[in-house]
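Please read the structure below before turning to the comments.
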There are 2 protein chains.
Amino acid sequence: MDKPDQEKKEPEDAFTISALAEEFDISTRTIRFYEEKNMIFPQRTDGNQRIYSRRDRARLKLILRGKRFGYSLEEISEIIGMTEVDFDEENQIKKALKFGKRRLAEIRERINELKLLEQDLLSFQENIKTRLDSLNTSPK
Amino acid sequence: MDKPDQEKKEPEDAFTISALAEEFDISTRTIRFYEEKNMIFPQRTDGNQRIYSRRDRARLKLILRGKRFGYSLEEISEIIGMTEVDFDEENQIKKALKFGKRRLAEIRERINELKLLEQDLLSFQENIKTRLDSLNTSPK
DNA sequence: TAGACAGCTTACGTTAACGTTAACTTTTGA
DNA sequence: TCAAAAGTTAACGTTAACGTAAGCTGTCTA
């Protein structure tokens, strides 16, 4: 009863646009829009329909992740564009490295800021709890 | 030579709109816009000019921080609105607590996602370095 | 084999978050 | 004191990131 997974006819590595849309809970329009913006490049079938590889899917995931912490599509393009650099020249590589360091620094800053907000909210919670207690201790 | 700081005539707790704009590197229009959206409520002078208290300033800071991790102004309004709840009723307090818990969970999730991205970028960096090394080890 | 349904392109519509301009008033510094 | 700098309201403009609708084609299934 434990056959290797093989449910549909999809070659395991190809996704339709609607499959991805459902998986990530976005519209097909959104996915096509990202393509318009040259952020993702699916192949086409004979009938001109888009087919997304596992790699395309990963890229889409990255885009959405970027969005979730407030990067604009343009910034995301830069970030993921970085992962596509041609490794022809050493210089290119070094530039990519440097760029990556900046990004890393930014991300760590964001993490720290979020932790700050977390603290803000936590102390606020404490504040509320105290008030609640005093309400119950000395009612009316 | 170490007199207590006292440079201008500002009562140490009042800020002009342009002072805040400069401090946070945003436009005065932006600050007024937040007021339009009922996110901040400065007092007025006799001449009808806005004066911002230390508290207003903190709030502005919060708004901007929220923006930096991708919250919309509306979401930010909810978050900071929470810190303004009237503590009239126990029920209100409990609601605020619950709401805060959700927000905290969200924020922690964001932190985790960011750490994920950090890892992605880090391993990518390693990848690049390796390539760079092999370039230098076996040149041409 | 005919619907029904998924997908495609094109194009116009919408909303959030300000930018910009105009026309006017208040504040400030030499 | 008086002109420049800073502030005010009102209104229209702009851009990113999609939503929506139309008109057509390709694909699946009973």
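The values are calculated or read from the model by the stated rules, or taken from the named source; none is laboratory data. Since this is a predicted model, take the numbers as computed values, not measurements. Here the Cβ is made from the backbone with ideal geometry for all residues, glycine too, and neighbour counts use every protein chain on show. Surface areas here come from the heavy atoms of the whole protein model, side chains and all, with no ligands, DNA or RNA. Shrake-Rupley method; radii C 1.70, N 1.55, O 1.52, S 1.80 Å.
Gain in length, A:Leu122 to A:Ala105, computed as 0.36 nm per residue apart minus the alpha-carbon separation, to one decimal in nm?
Here the answer is 3.6 nm.
To the nearest 0.05, how large is the calculated FRET efficiency for B:Asn48 and B:Ala19 if R₀ is 22 Å and r is the Cβ-Cβ distance?
Given R0 = 22 Å and the Cβ-Cβ separation, E is 0.80.
What list of ³J(HN,Hα) values in whole Hz, one per residue of segment B:38-53 in order, does the Karplus curve 6.51 cos²θ - 1.76 cosθ + 1.60 (θ = phi - 60°) give from phi, with Gly and Pro shown as x?
6, 9, 7, 9, x, 7, 10, 7, 4, x, 6, 8, 6, 10, 9, 7
List the residue from chain B whose beta-carbon is nearest to the axis that rotates chain B onto chain A, together with that distance in whole Å.
B:Gly70, 1
If you take the square roots of the eigenvalues of the alpha-carbon gyration tensor of segment A:9-84 and sort them as a ≥ b ≥ c, do you get rounded (a/c under 1.5), prolate (a/b over b/c) or oblate?
Cα axes put segment A:9-84 in the prolate bin.
Which distances, in nm and shortest first, link the B:Gln43 label point to the same label point in every other copy, taking 7 Å along Cα→Cβ?
7.0
I'd like the interface area for chains A and B: accessible area of each alone minus the complex, both sides summed, 1.4 Å probe, protein heavy atoms only. What is it in Å² to the nearest 100?
Buried surface at the A/B interface: approximately 4200 Å².
Given label points at 7 Å from Cα along Cα→Cβ, what nm distances, shortest first, separate B:Leu64 from the same residue in every other copy?
Sorted ascending, the copy-to-copy spacings read 3.3 nm.
May I ask you to list the trypsin sites (Lys or Arg not before Pro) in segment A:19-50 that are in a DSSP loop and have at most 14 other Cβ atoms within 10 Å of their Cβ?
A:Lys37
If we hang a label 7 Å off Cα along the beta carbon direction at A:Ala19, how far is it from the matching labels on the other copies, in nm, shortest first?
Output for A:Ala19: 6.1 nm, nearest copy listed first.
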